[in-house]
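What follows is a short report on a single structure.
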Amino acid sequence: MDKQRDTIKLFVLVGTGLLISCIVFNWVFSYSPDVGKLGGPIDGLTPEQLRKFDAARPMFVHRFEPDEGLGPFFNGQSCYECHGSPGSLGGQGNDLETTSFVRFGALQADGVEKAAIRDRDMTHLKDQGGPQFYKKSVTTEFQSKYSDGPRAETWTIPENADLTSKLIAPPLFGVGLLNAISDATLEHIEEQQIELNPYMRGRVEDQIDSLTHKLKCGRFGWKSQQPNLMLMTAEMMHRGLGITSFVDPETIFESGRTPEKLRRVLPPEPNDAGNIMVKLTYFQTLLAPPAKLAPNEKTQRGEILFDKLQCSFCHIPELTTSSKVLVVDPDSPFPKFRHMEITALEDKPVHAYTDLLLHNMGKELADGLPEKHTTGGEWRTAPLWGLRFRKYFLHDGRAANLQEAINAHGGQAEVAKKSFLALPPSEKEDLLAFLNSL
Ligand code: HEC
Ligand code: HEC
């Protein structure tokens, strides 16, 4: 009897021991090993927040299929495809062509007026598949699956399109910090710039937050077209993967381009009730920013020049995040959102080198295609952190190196560009070394 009891006790003891070590093991090893590194999470997260980050990460690399809502028209099958490469989750994609978007439109006026590129008088050619060109469709990419049904052919760019614009996929490191800067901060910068130098002043473009229906400062996208990361993510699900969500009811799929018969075999719209959007947003929100390299004499000289030439007027070296930052919990009971506070994002310095405002960059950089109320020559000041990990620069990727990117500055940055060009070669090098250390 005693022996039997001892054996049971032993079993219980060993079992409990095993269970505890399993939990501890799991707890320790579910920690991201890459905290603070590119593609890893920001510093200072709680174990629970880290676990949620790790759980959300696969959504970013997941290759979506038509049954999951991909298409019917799309440009890529995963976020990672355009925003990452091996060893650089969230960074720039491998090549310029497949990872960029192409938009097109036509000038409305004809004759003399048409020759003078006007910013607003244009049509987005929606009846011909505009304003964004979709490179793929479910029936072109999954031919065997739809072999005997109706087809959704991708359209070519119409011949009467006289404006096309390529936009590259920006890296996403640190976007959660940009998201956590308050609207009041951006409005304050705008006011300060008006006082300091009205000629160079940037502009906040208010955008309607389609969830709360309130006006908020635009800050994401090359045209600052979205006020926060969640709405930008919804836009990207749509423009990148063709996955519709309930926050983005304006869908191209209503334009009659998808044959009714094909529509019937595709999943119902909207494709996502919140789960995909929120997981993707959470993952990006906690992505670590690129770490600045330790300064040396050269970069220190370059930093002084950066300020002296007024690059820092637009590319502001440091902003601060809000004192309270709430993020939607990726495990929310959808369609309801539950918020969680992320103290690691609160009151943090952000060395992104941007004012997040729109600036008129002159004729050479203008694509002539307005977006909402933004004119063709206006672009959001590009963040400069992580430049050393990049392969191409500027909104359309036209610059292969930093020198070319600076040379292309015009409009409100014309004076700063000219001052850069007037520098002796050694000082130019110092400035470029500084940019490469961000
Ligand atoms: C086919 C390529 C492609 C795919 C796929 C894609 N993106 Fe993008 N992404 C872009 C391009 C191009 C832009 C710039 C668009 C613009 O500014 O209008 C962009 C911009 C963004 C931005 C704005 C960054 C900033 O600094 O303002 C975010 C955030 C983003 N994408 C997230 C995602 C997420 C999340 C997914 C997956 C749902 C995704 N993207 C899928 C190409 C892509
Ligand atoms: C008036 C505001 C303004 C000033 C001044 C300015 N920039 Fe810019 N900068 C921008 C904007 C806006 C963009 C994005 C333009 C585009 O992509 O078409 C940009 C883009 C860049 C890029 C490319 C980044 C990328 O993501 O591709 C670099 C590098 C750069 N600026 C460096 C500089 C330097 C160095 C100076 C000073 C000599 C400077 N800028 C002065 C507004 C400014």
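The values are calculated or read from the model by the stated rules, or taken from the named source; none is laboratory data. Everything numeric in this text was worked out from a predicted model, so none of it was measured. Don't worry about glycine lacking a Cβ; one is built from the backbone with ideal geometry, like all the others, and counts go over all protein chains shown. In case anyone asks, the SASA skips ligands and DNA or RNA and just uses the protein heavy atoms, side chains included. Shrake-Rupley method; radii C 1.70, N 1.55, O 1.52, S 1.80 Å.
Quick check on the range 336-403: take the gyration tensor over C-alpha atoms, sort the square-rooted eigenvalues as a ≥ b ≥ c, and tell me if it's rounded (a/c under 1.5), prolate or oblate. Display every interim value, and only then the final one.
On the way: a/c = 2.53, a/b = 1.51, b/c = 1.68.
Since a/c reaches 1.5 but b/c is at least a/b, the shape of the range 336-403 is classed as oblate.
Three semi-axes describe the equivalent ellipsoid of the range 225-368; taken as square roots of 5 times the Cα gyration tensor eigenvalues and ordered largest first, they are 38, 23, 12 Å.
Charge tally for residue 40 (other residues, Cβ to Cβ under 15 Å; Lys, Arg +1; Asp, Glu -1): +1.
Pairs exceeding a 20 Å alpha-carbon distance, out of 166/223; 166/279; 223/363: 166/279.
Other residues whose C-beta falls under 10 angstrom from the C-beta of residue 319 contribute a net charge of -1, scoring Lys and Arg +1 and Asp and Glu -1.
If you take the square roots of the eigenvalues of the alpha-carbon gyration tensor of the range 120-189 and sort them as a ≥ b ≥ c, do you get rounded (a/c under 1.5), prolate (a/b over b/c) or oblate? Mind dumping the intermediate values first?
Working: a/c = 3.53, a/b = 1.70, b/c = 2.08.
It is oblate, given that a/c is not under 1.5 and a/b is not larger than b/c.
So what's the convex hull volume per residue for the Cα atoms of the range 47-435, in Å³?
149
For the range 269-410, carbon and sulfur atoms together expose 55% of the accessible surface, with a 1.4 angstrom probe and every protein chain in place.
Suppose the chain between residue 162 and residue 147 were pulled fully straight at 0.36 nm per residue; how much longer would it get relative to their current alpha carbon spacing?
Values: separation 15, 0.36 × 15 = 5.40 nm, distance 3.50 nm.
Separation in residues times 0.36 nm, less the Cα-Cα distance, equals 1.9 nm.
Note on residue 264 and residue 127: with the Förster distance fixed at 22 Å, the Cβ-Cβ geometry gives a FRET efficiency of about 0.40.
Under 1.5 on a/c is rounded, so check that first for the range 161-272, then, if it is not, pick prolate when a/b is larger than b/c and oblate when it is not; a ≥ b ≥ c are the square roots of the alpha carbon gyration tensor eigenvalues.
Working: a/c = 2.60, a/b = 2.05, b/c = 1.27.
Prolate, because a/c is 1.5 or more and a/b exceeds b/c.
Taking Lys and Arg as +1 and Asp and Glu as -1, the other residues whose beta-carbon sits under 15 Å from that of residue 428 total 0.
By the Kirkwood approach, averaging reciprocal distances over each pair of separate Cα atoms, the range 304-383 gets a hydrodynamic radius of 15.6 Å. Solvent-free Debye calculation, one equal scatterer per alpha-carbon of the range 31-111: log10 I(q)/I(0) at 0.27 Å⁻¹ equals -1.25. In the frame of its principal axes, the range 298-438 has Cα extents of 59, 38, 25 Å, reported largest first.
Heavy-atom accessible surface of the chain, averaged per residue, reaches 48 Å², computed with a 1.4 Å probe.
The calculated 222 nm mean residue ellipticity attributable to helices in the chain amounts to -9500 deg cm²/dmol, summing -39500 (n - 2.57) over DSSP H runs of n ≥ 4 and dividing by all residues.
By how many nm would the segment from residue 423 to residue 212 grow when fully extended, if each residue of separation counts as 0.36 nm and the alpha-carbon distance is taken off? Display every interim value, and only then the final one.
Numbers: separation 211, 0.36 × 211 = 75.96 nm, distance 4.88 nm.
Additional length available on full extension: 71.1 nm.
Here each label is just a point 7 Å from Cα along the line to Cβ, and for residue 291 and residue 34 those points are 1.4 nm apart.
As a test, work out the antiparallel percent of DSSP beta bridges whose residues both lie in the chain, rounded to the nearest 5. Taking every DSSP beta bridge with both residues in the chain, the antiparallel ones total about 95 percent.
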